[in-house]
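To start, the structure itself, in structure tokens.
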Amino acid sequence: MAENQASKDTSTYDSHSDQIEEKRKMDSNNDVEENEQHTDFRRGFRFWAIIIGLGITSLLGALENTVVTTSAPVIVSELQMGANYIWITNAFFVCSAAFQPLFGQLCNVFGRRWVTLAIIAIFTLGSGICGGANSGAMLIAGRAVQGIGSGGIMIITDIIVSDLVPLRQRGNYMAVILAIYGVGTTLGPFVGGQIVQVTTWRWVFYMNLPIGGVALVVMYACLHVNYNKEMTFTEKLKRLDLVGNGILIAATVAVLWALTVGGTEYSWGSWNILVPLIVGLSGLGLFATFEKWGWSLEPVMPPRLFGNRTSVIVSVNTLLYSALLYWIMYFMPVYFQAVKLYSPSYSGVALLPQSLVGIPGAAISAIVLSRWGRYKPLHFAGFAIFTLGIGLFAYLDADSSKAEWVIFQCVAALGAGLVLNTQLPAFQAHVPESDQAVATASWCFIRTFGNVWGVAIPGVIFNNRINQLLPRISDPNVSQLLANGDAYQYGSANFVGSFPQPTQGQIISVYRDALQLVFEVAIAFGGLTILLGLFEKEIPLRTELDTEFGLKDPSKKSVAKEMVDIEGNAGVSAEEPSPKK
């Protein structure tokens with residue numbers, strides 16, 4: 001009996017062992033098949049639902065970047081904000097840049113899904129605070145919260161697309177999201193103007209609540225991706241580079257604060273600007289030292305991301321590119337209103353060529369990059385065309401035809417579009433998939449950091465040149481109004497058109513020549529991007545997708561789980577006594 005029982009137990013165990021071995025062979029064969037089909041990644045309903053959900057999410061940030069521009073005068077007047085109006089925009093952008101690297105690390109530690117939902121919730125909360133604001137301070141606080149969410153939205157979009165799509169093809173899918181973003185950016189000023197005319201300005205912010213709600217529902221339902229659930233919450237917290245993040249956030253806020261108020265609230269030579277600027281730049285140096293010497297278990301911005309010349313060049317060119325975009329964004333409206341004497345609404349229409357040509361340019365570059373996998377020629381062509389367009393802006397004057405300023409903008413927008421979707425893949429090319437989140441967050445931080453420089457540098461050039469040209473104006477009262485950094489806020493058709501000739505013509509000539517120098521200096525920065533681009537190394541873009549944060553497959557049980565089940569059943573069967581006859 002004992003021998004028979006032992007024989008049965010052995011037979012049962014051998015049977016289960018055979019099942020386990022067969023399972024392993026099947027899984028091995030499946031792995032080979034999956035490796036052979038890396039380029040044919042899954043694009044089912046959930047994939048496209050996530051892409052559309054990311055587009056809706058990016059629409060939040062797009063609208064809020066531009067919708068406030070046309071509604072700001074009404075908001076400032078009703079809340080009696082006075083000179084503090086500048087912080088409606090500045091609080092948004094400073095906080096947007098400062099928290100981006102932290103979000104990148106949170107994605108690695110806590111997974112993409114919950115961080116994405118938290119980011120959307122933060123932005124929606126900020127919109128609610130802004131809409132319900134009964135004071136300038138409350139509005140600025142709400143804009144700061146919105147900015148934190150907006151910075152997160154920008155990086156989480158790139159990170160999730162990086163998880164779902166092989167590197168070489170990412171531009172194609174970013175183009176879909178970019179199209180939605182472009183619609184929001186283009187319609188923002190028009191929507192803001194219509195809202196304040198038809199109803200209260202509070203709906204400029206309240207309209208984000210239903211959009212944010214839809215984005216939350218879509219992402220909650222569809223964004224089911226893998227991440228490491230084995231660690232405890234305490235273990236995950238230990239992975240966060242809290243000291244590095246703290247240094248970076250404090251240094252970034254100090255630098256950006258100095259850049260945003262320099263030349264407006266305080267002169268550039270005052271201690272109010274020099275102290276935070278020096279402290280902030282020193283803080284960035286301290287942050288780099290802290291990260292380099294590995295004092296953190298998992299650095300928020302690992303030095304290995306900048307371990308070759310291509311990543312360094314792409315980082316510098318990303319900073320310069322984003323600065324030049326804002327260079328144009330902030331000073332072309334001055335040309336249209338103070339030189340051409342267009343109304344604010346018509347100036348918005350005059351800027352449309354930038355969006356209408358820039359987005360197709362980005363789509364073209366994405367298709368080319370996906371097909372041939374080469375970004376260096378796109379960078380060279382894009383920066384060259386972009387710089388040419390900026391140079392053409394220097395020739396615009398009061399007598400320039402509509403065809404001229406339309407064509408010049410189209411040239412610049414085409415060049416900018418060619419570069420837009422090709423810099424991040426170039427930055428990601430040399431790092432493994434495990435570093436995609438921190439690489440994306442670092443790149444996005446550099447891009448956002450460049451935005452403020454793109455306002456500060458041309459602002460200094462513009463104001464200094466205005467001061468030099470003021471002796472042309474015969475009316476001393478006008479000269480006093482435009483002096484010492486105030487010319488930008490007076491750069492409107494209503495202000496210039498309120499003066500008789502020859503004073504009006506003198507004001508126009510001052511604005512025109514100041515803008516000419518602004519764009520001439522921009523040519524030098526654009527030329528630097530072309531020169532640096534020549535030294536990039538063409539790194540092959542991966543066509544395989546190898547990430548631990550890919551889409552979950554709910555229809556399949558994990559291999560390990562199935563093996564445990566089989567082995568567990570084998571153990572139970574071996575231990576069970578045979579039934580008595």
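Read-outs: derived from the displayed coordinates by stated rules, not from any lab. Keep in mind it's a predicted model, so treat the numbers as computed, not measured. Backbone-built Cβ (ideal geometry, glycine too); neighbour counts: all protein chains shown.
Restricting things to alpha carbons, find the Rg to Rh ratio for region 304-440 using the Kirkwood radius for Rh.
1.06
Multiply the residue separation of residue 372 and residue 224 by 0.36 nm, subtract the distance between their alpha-carbon atoms, and state the gained length in nm to one decimal.
Full extension from residue 372 to residue 224 adds 50.1 nm.
Hey, for a label at residue 77 modelled as a point 7 Å past Cα toward Cβ, could you say which residues of region 480-503 have their backbone N under 17 Å away?
Counting only backbone N, you get 490, 492-495.
Quick one: grab the alpha carbon gyration tensor of region 370-522, order the square roots of its eigenvalues as a ≥ b ≥ c, and give me rounded if a/c is under 1.5, else prolate or oblate depending on whether a/b is larger than b/c.
prolate
Quickly rank 409-416, 364-371 as a protection proxy: mean count of other C-beta atoms within 10 Å, highest first.
Going by the mean number of other Cβ atoms within 10 Å, highest first, we get 409-416, 364-371.
So, in nm, how far is label residue 199 from label residue 183 when the simple model puts each one 7 Å beyond its Cα toward the Cβ?
It works out to 2.0 nm between the two label points.
Would you mind classifying region 141-187 by shape? Square roots of the alpha carbon gyration tensor eigenvalues, ordered a ≥ b ≥ c; an a/c under 1.5 is rounded, otherwise it is prolate if a/b is larger than b/c and oblate if not.
In terms of gyration-tensor shape, oblate.
Provide the packing ranking of 440-446, 354-360, i.e. peptides ordered by the mean count of other C-beta atoms within 10 Å per residue, highest first.
Final packing ranking: 440-446, 354-360.
Once you have the Kirkwood Rh of region 242-296 from its Cα pairs, apply Stokes-Einstein at 4 °C and 1.567 mPa s and quote D in µm²/s.
Working: Rh = 11.6 Å.
It comes out at roughly 112 µm²/s.
With labels modelled as points extended 7 Å from the Cα through the Cβ direction, what inter-label distance (nm, one decimal) is found for residue 503 paired with residue 266?
It is 3.4 nm.
If you look at just the Cα atoms of region 42-236, how large are its Rg and its Dmax in Å?
17.3, 54
List 48, 271, 257 from most exposed to least, where exposure is judged by having the fewest other Cβ atoms within 10 Å.
271, 48, 257
If packing is taken as the mean number of other Cβ atoms within 10 Å per residue, what is the order of 305-313, 466-474, highest first?
305-313, 466-474
Does region 157-303 come out rounded, prolate or oblate by the C-alpha gyration tensor, with a ≥ b ≥ c the root eigenvalues, rounded set by a/c under 1.5 and, if not, prolate when a/b is larger than b/c and oblate if not?
The shape class here is oblate.
How far apart, in nm, are the 7 Å Cα→Cβ label points at residue 398 and residue 250?
For the pair residue 398/residue 250, the computed spacing is 5.2 nm.
Counting other C-beta atoms within 10 Å, and keeping those with at most 11, which DSSP coil GluC sites (Glu not before Pro) do you find in region 205-293?
Those satisfying the criteria are 230.
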